[in-house]
Amino acid sequence: VIFGVEDFAKLAHFYLSRDSEHEVVAFTMHEQYIDASEFMGLPLVRFEDVEAQFPPDEYDMFVPMSPAKMNTLRAEVFAQAKGKGYTLVSYISSNATYYDTPVGENCFIFENNVIQPFTEIGDNVIMWSGNHFGHHSVIGNHCFVASHVVISGHVTIHEHCFFGVNATLSNDIVVARHTFVGAGALIAENTQEFGVYPGTKAALSRVPSSKLRRM
């Protein structure tokens, strides 16, 4: 049973249906957001009493939500689903490079991630496509890693962190809980809790492209 009715849920259905041993049987969502009885041709049921139709001793759940509010909304639903007794599955793409790293529940790991040996990934982590996760590094619970992020070796990432596209983390650093790293940012030192580290925005040059001789 997949939680959600938006893009993340559609992507989860796509990957689980085509690249896993799981069969998707239904979607679920909080009652206030339901305006139909089906989603993608499958039953859409109220999360408030989903266990009545799909009991947790017979079905598992997947909660592939966005990183909104530093992943806290996804963490809340994760905890609620666990409270109902569900086992939350994880998906690791068959096109990821993966050496049996321990991976927690409800992780969504897309294609072309390179996950080196001697690493560890906690619960409820989303790793979009094309990242490098270096040896002897750890990602804590409830984190989101966008595409093409480089996490070097011996990096420790605490819970509820966000990493934008093309961010780079140097070796031997500690990323404190609730750290936000913007797209293209370079993190070379330990971060502070609740710290925001924006990337460098490109600036318009005074020289127009028509004056660039080598282009």
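The values are calculated or read from the model by the stated rules, or taken from the named source; none is laboratory data. None of these values were measured; they are calculated from a predicted model. Cβ: placed from backbone, ideal geometry, glycine included. Neighbour counts: every protein chain shown. Surface accessibility is based on the protein's heavy atoms, side chains included, excluding ligands, DNA and RNA. Shrake-Rupley method; radii C 1.70, N 1.55, O 1.52, S 1.80 Å.
Kindly check whether there is at least one residue in the range 64-76 that is among the hydrophobic types (A, V, I, L, M, F, W, C), surrounded by fewer than 17 Cβ atoms within 10 Å (Cβ to Cβ) and at pLDDT 95 or above.
Yes, some residue in the range 64-76 is among the hydrophobic types (A, V, I, L, M, F, W, C), surrounded by fewer than 17 Cβ atoms within 10 Å (Cβ to Cβ) and at pLDDT 95 or above.
On inspection, VAL45 fails the criterion of being closer than 29 Å to SER94 by Cβ, open to solvent by less than 50 Å² (accessible area, probe 1.4 Å) and among the β-branched types (Val, Ile, Thr). Filtering the range 123-145 to residues that are within 21 Å of ALA12 (Cα to Cα), out of contact with any strand residue (DSSP E or B) (no Cβ under 6 Å at 6 or more places or on another chain) and open to solvent by 10 Å² or more (accessible area, probe 1.4 Å) leaves ASP123, TRP128, SER129, GLY130, ASN141, HIS142.
Rundown of residues vs (1) surrounded by 14 or more Cβ atoms within 10 Å (Cβ to Cβ); (2) hydrophobic (A, V, I, L, M, F, W, C); (3) more than 21 Å from GLY130 (Cα to Cα), yes/no style:
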{"residue": "ASN166", "(1), (2), (3)": "yes, no, no"}
{"residue": "ALA176", "(1), (2), (3)": "yes, yes, yes"}
{"residue": "GLU189", "(1), (2), (3)": "no, no, yes"}
{"residue": "GLY195", "(1), (2), (3)": "yes, no, yes"}
{"residue": "GLY199", "(1), (2), (3)": "yes, no, no"}
{"residue": "PRO208", "(1), (2), (3)": "no, no, yes"}
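Of all residues in the range 22-42, those being open to solvent by 70 Å² or more (accessible area, probe 1.4 Å) and not hydrophobic (A, V, I, L, M, F, W, C) number 7. Taking the range 82-99 as the range and being open to solvent by 10 Å² or more (accessible area, probe 1.4 Å) and farther than 18 Å from ASP19 by Cβ as the test, the residues that pass are LYS82, GLY83, LYS84, GLY85, THR87, TYR99.
The rows are residues; the columns are (1) within 17 Å of THR119 (Cβ to Cβ); (2) under 14 Å from the mean Cα position of the chain (by Cα); (3) of a type in the set (Asp, Glu); (4) at pLDDT 95 or above.
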site	(1), (2), (3), (4)
HIS136	yes, no, no, yes
ASN141	yes, yes, no, yes
VAL145	yes, yes, no, yes
VAL149	yes, yes, no, yes
ALA167	no, no, no, yes
ALA176	no, no, no, yes
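Working only within the range 168-192, note down all residues that are more than 17 Å from VAL125 (Cα to Cα) and either hydrophobic (A, V, I, L, M, F, W, C) or touching a Lys or Arg at 6+ places or on another chain (Cβ under 6 Å) (or both). Can you show your working first?
Here is the first cut: in the range 168-192, the ones more than 17 Å from VAL125 (Cα to Cα) are 168-174, 182-192.
The answer is LEU169, ILE173, VAL174, ALA183, ALA185, LEU186, ILE187, ALA188.
Among the residues of the range 108-121, those identified as within 21 Å of PHE62 (Cα to Cα), in contact with a strand residue (DSSP E or B) (Cβ under 6 Å, 6 or more places away or on another chain) and not polar (S, T, N, Q) are PHE108, ILE109, GLU120, ILE121.
When the test is whether a residue is in a loop (DSSP other than H, G, I, E, B), over 17 Å from ILE92 (Cα atoms) and either open to solvent by 10 Å² or more (accessible area, probe 1.4 Å) or among the basic types (Lys, Arg) (or both), HIS160 passes it.
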